[in-house]
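Report on the following structure.
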Amino acid sequence: MSQEQSAATPEYEVAIIGAGIAGLYLLHRLRGLGCRVLVLEAGTDVGGTWYWNRYPGARFDSESWSYGYSFSPELLDEWQWSEHFAAQPETLRYLQHVARKFDLYRDIRFETRVAAAHYDDARGDWLVRTEDGGAVRAAILVTAIGGLTEPYVPNIPGREDFQGESWHTARWPHRPVDFSDKRVAVIGTGATAVQLITEISKNIGHLTVFQRTANYCKPLRNAPITAAEQADIRARYPEIFALCRQSFGAFIHDFDPRSAFDLDDAERRALYERLWAEPGFGFWLGGFRDLLTDRAANETAAAFVREKIRERVKDPAVAALLTPTDHAFGTKRVPLESGYYEAFNRDNVRLIDLRATPIERITATGLRTTDAEFDFDAIIFATGFDAATGAHRRIDIRGEGGQSLAEKWAAAPRTYLGMQSVGFPNMFIVGGGPQNAASFCNVPRCLEQNVEWVSDAIAYMRERGYRSIAATPEAEEAWVRHVADTVAGTLFPETESWFMGANVPGKVRVFQLYGGGLRLFREKCDEVAANGYSGFVFR
Ligand SMILES: Cc1cc2nc3c(=O)[nH]c(=O)nc-3n(C[C@H](O)[C@H](O)[C@H](O)COP(=O)(O)OP(=O)(O)OC[C@H]3O[C@@H](n4cnc5c(N)ncnc54)[C@H](O)[C@@H]3O)c2cc1C
């Protein structure tokens, strides 16, 4: 860049990438400190996940009223969720409302995808370049780019040949799509696919679902929020957030302190039936303490779910295909459903087992497996995300001495507190990056913790006139070991899941998230702050 260009580059105290839940709240907090902040956002509006994921059936698996921001009593008082598990359009409206209420739009630059962020060793700041050719400088860079942001589409030969319509679920068009007389393929059967398949199967010409792995799905049991319930929720907000603060995953559900074998078969069965009948994740995150550490304990829950699946699917051969047997219950993200299994009882819905007959190629008119040729009008990729690290990898992030973050993390992600990485001073990660509680919880509860911790650290720097904050190698090494300890002895590493990076070919197989839960994560972060940000060096 020439000197003239450099002189023209706008400068900010903080540049935030991403206007999802994390970026919006961080902008609000930093404004409160008096910082000059700019948010760069690839989409045309705020909302992040709830802006991009517009596929039919997209909705919360978190209780709506436990998901919204907790920081503003006024906001809590004026916003009313219509359902216990709100659908995507409502969540998007909520985040637009937040952005208007706190006057956030004026500091967000939309349709601006960040292509590169380079640390300038001489100046001690970040030069951020956007795909449209723009650039800004910022003393501090914050990536609030989400953990489930970068769509993953398998590299199946012939994808460009297909003449029909084709989308990844996270790139759904901003217009209604009518499948009533269409032949549609859905590739994938994870949490998104489960929502999508249930919804589109209600009015479709013909649907073919291509499944690699059967999942343990639990009924969502959604319902509208009545006026009486709304009054009760408003009165109990402090209690609800206190509960989320204490629970492992920041949900209203928390693990049962007993072992599965502290109960006899009948008692255990009665408890499972009760949890199964409840809305939400209680059957998973309110299970026995040894659910995710002891194979035999896990099998008691897994067998229960398998039985429930078989009861609902009419054709025993289809039921067998939909019944997971290759992994422990809860070691993959548990999809919540509202009629998923019944979708396969329809005459116009067919299930194909990709383990038996993999896809060979996509053709002009459909796709070909090792067994048969299929014709489709639309192919939908419900194939998930390059989670935790994908969105960071897509940006050319270079720290001290020009070192690349993508290269540093290729061997395995390394961070301190999941919020900074050594060699990348003045760069914070808030939200779903690797080794951060926010990648594995009722996310906004963890994002609020991240945002508050980072904004407090920035306030600390401003008060003392520091220009730079950098994690030390020793602190990072200790955090990497701690994160590994949080999943040692659990069943997670035994399962091929996106938690382990297993859904993306070539990605390192290591637990990508943080397995210690929000309470422990918060304790660790608070301890660091209380000790004058131990593990960081200020200049
Ligand atoms: C379908 C789906 C359902 C979910 N359901 C739940 C749920 O029920 N409960 C729960 O707790 N969590 C759920 N999640 C997780 C969800 O991602 C989080 O709850 C939360 O929305 C994350 O917010 P965020 O601000 O961290 O990131 P995001 O919402 O992902 O926002 C990140 C933003 O960064 C932008 N961005 C990324 N890269 C760039 C770039 N290079 N340049 C410019 N902008 C960029 C993106 O466009 C995006 O707007 C779900 C996720 C998905 C995909």
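Worth pointing out:
- Each of 372, 188, 37 was scored by the projection of its Cα onto the charge dipole of the chain, and the greatest displacement toward the positive side belongs to 37; charges sit on the C-beta of Lys, Arg, Asp and Glu.
- Projected label points at residue 303 and residue 236, each 7 Å from Cα along the beta carbon direction, are separated by 3.4 nanometres.
- Summed residue charge, Cβ within 13 Å of residue 486's Cβ, Lys/Arg positive, Asp/Glu negative: +1
- Carbon + sulfur, % of accessible area of segment 477-539 - ligands and nucleic acids excluded, 1.4 Å: 51 percent
- Here the 3J(HN,Hα) profile of segment 313-325, calculated from phi with Karplus coefficients 6.51, -1.76 and 1.60 at θ = phi - 60°, is 9, 5, 7, x, 5, 5, 4, 4, 5, 7, 9, x, 9 Hz, Gly and Pro shown as x.
- Ranked order, 61, 377 - accessible area, probe 1.4 Å, largest first: 377, 61
- Over all other residues within a Cβ to Cβ distance under 12 Å of residue 53, the charged ones net out to +3, with Lys and Arg as +1 and Asp and Glu as -1.
- Inter-part distance where segment 358-413 and segment 227-253 are each reduced to a Cα centre, Å: 37 Å
- In this structure, the amide hydrogen of residue 379, modeled 1.01 Å from its nitrogen in the peptide plane, lies closer than 5 angstrom to those of 165, 166, 167, 185, counting only residues at least 5 positions away or on a different chain.
- Placing R0 at 35 angstrom, the Cβ-Cβ distance between residue 106 and residue 407 gives a FRET efficiency of 0.45 after rounding to 0.05.
- Using R0 = 45 Å, the C-beta based FRET efficiency linking residue 317 and residue 93 works out to 0.55.
- Calculated mean residue ellipticity, 222 nm, the chain: -10000 deg cm²/dmol, from DSSP H runs (n ≥ 4) at -39500 (n - 2.57) each, averaged per residue and rounded to 500.
- Long pairs among 101/218; 308/332; 202/507; 202/314, criterion Cα-Cα beyond 26 Å: 101/218; 202/507
- Percent accessible area from carbon and sulfur atoms, segment 332-445, protein chains only, probe 1.4 Å: 45 percent
- Rolling a 1.4 Å probe over the heavy atoms of the protein chains gives segment 211-319 an accessible area of 47 Å² per residue.
- Calculated P(r) of the chain - Cα pairs past 38 Å, %: 29 percent
- Sum of side-chain charges, residue 240 neighbourhood, beta-carbon under 12 Å (Lys, Arg +1; Asp, Glu -1): +1
- When 314, 524 are compared by accessible area at a 1.4 angstrom probe, the order from most to least is 314, 524.
The values are calculated or read from the model by the stated rules, or taken from the named source; none is laboratory data. Please read all numbers here as calculations on a predicted model, not as lab measurements. Don't worry about glycine lacking a Cβ; one is built from the backbone with ideal geometry, like all the others, and counts go over all protein chains shown. Side chains included, ligands, DNA and RNA excluded: accessible areas come from the protein's heavy atoms. Shrake-Rupley method; radii C 1.70, N 1.55, O 1.52, S 1.80 Å.
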